[in-house]
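Quick notes on the structure that follows.
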Amino acid sequence: MTHPHPRSQENPVVINCAGQTLDLRQPAVMGVLNTTPDSFSDGGDFIEPERALRRIREMVDHGAAIIDIGGESTRPGAEPVSESEELERTVPVLTTAVKAHPDTLFSIDTTKYGVAREALKAGAHIVNDVSGLEKEPRFADLCAESGAAYICMHSSGSPKTMQQNPRYRHVVDEIKEFLEKKLVYLRKQGVDNSFIDPGIGFGKTLQHNLKLVAGLSRFRELKTPILIGASRKSSIGEILDGRPVDGRLAGTIALHYHCLMEGASIIRVHDVQEAVDSVKIFNAVQAAGAE
């Protein structure tokens, strides 16, 4: 017998994102757009604005509820870029895309205050911060003032150094505690619309990542929508005997589907159509089980 998914037993989760709403009674798909030359999966593919805008249109057509635009690679070993370079890569594309897709939510993937501020002015609805306020605590005030939602992700160290021997005594407990403290601070600063992301691949070994996925239901105790972004990541390649990036789609879908079963509300992906298909299957099974 299939039991109702935990999400079906909760109140409808509707998140206000700078004037737009995101209904998370069913899971949502976030499409990744990297306007960078060096991202691990699609680096260099969408540097040109026209190609970036075509890709955004394609992801929206395939069912992405959110488009996440980033101008600085956060892959392991990546070098930082200047604020001006990151602005140049992201804000023009964002400005055009927001006008072209008024029913789609846009997030800015950045750890820089100036980039987030200008992106919100350009129409972004969400700040996606891989440092979880560690690099820029002013994001809390910025989101409170603008009404933007905030994605609080856990990472250990900077992208350049984060995979150099990461260690935890109890990885699920430690990251849950980190996120809980950040949520308390965010609410104190007036940010009520947040998401949490345990940060798969950000300062974690394969075993750490697997323990986070296996223990994901623990994060539901924080009563905040959970985002998972494991798309095409190296852990999937490791499990699949060294599979390169372009061969990790099935592994990504399998891992994300498990996370949906454990209560994830958003999956952040490169392959939007396939992810949306998997969410439709998930929704159909859950609906049948709830009857």
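Residues being part of a loop (DSSP other than H, G, I, E, B) and either among the β-branched types (Val, Ile, Thr) or out of contact with any Leu (no Cβ under 9 Å at 6 or more places or on another chain) (or both): count how many of those fall in region 234-252.
5
Could you tell me whether region 11-27 includes any residue that is modelled with pLDDT under 90, under 17 Å from the mean Cα position of the chain (by Cα) and either outside any loop (DSSP other than H, G, I, E, B) or not hydrophobic (A, V, I, L, M, F, W, C) (or both)?
Within region 11-27, none of the residues are modelled with pLDDT under 90, under 17 Å from the mean Cα position of the chain (by Cα) and either outside any loop (DSSP other than H, G, I, E, B) or not hydrophobic (A, V, I, L, M, F, W, C) (or both).
Is one or more of the residues making up region 225-241 touching a helix residue (DSSP H, G or I) at 6+ places or on another chain (Cβ under 6 Å) and farther than 22 Å from residue 31 by Cβ?
yes
Cβ contacts < 8 Å: first residue closer than 18 Å to residue 51 by Cβ, restricted to region 80-104; second residue surrounded by fewer than 16 Cβ atoms within 10 Å (Cβ to Cβ), any location; separation 6+ or different chain. Result?
Short answer, once both residue conditions are applied: 89/47; 92/49; 93/49; 96/49; 100/57; 101/57.
For region 241-263, state whether one or more residues are on the phi > 0 side of the Ramachandran plot and touching a strand residue (DSSP E or B) at 6+ places or on another chain (Cβ under 9 Å).
Yes.
Out of curiosity, is residue 110 of a type in the set (Ser, Thr, Tyr), at negative phi and surrounded by fewer than 22 Cβ atoms within 10 Å (Cβ to Cβ)?
no
Please specify each residue of region 164-200 satisfying the condition of being more than 19 Å from the chain's Cα centre (by Cα) and of a type in the set (S, T, N, Q).
Matches in region 164-200: 164, 165, 189.
Out of everything in region 253-291 that is part of a loop (DSSP other than H, G, I, E, B) and at pLDDT 95 or above, what residue ends up being farthest from the chain's Cα centre (by Cα)?
Result: 262.
Restricting attention to strands (runs of 3 or more DSSP E) lying wholly within region 47-165, give those where 1 or more residues are modelled with pLDDT under 95.
Hits in region 47-165: 66-70.
Quick one: in region 181-210, of everything that is outside any helix (DSSP H, G or I) and among the charged types (D, E, K, R), which residue is surrounded by the fewest Cβ atoms within 10 Å (Cβ to Cβ)?
192
The values are calculated or read from the model by the stated rules, or taken from the named source; none is laboratory data. Remember, predicted model here, so these are calculated numbers, not experimental data. No Cβ is skipped: glycine too gets one built from the backbone with ideal geometry, and neighbour counts run over all protein chains shown.
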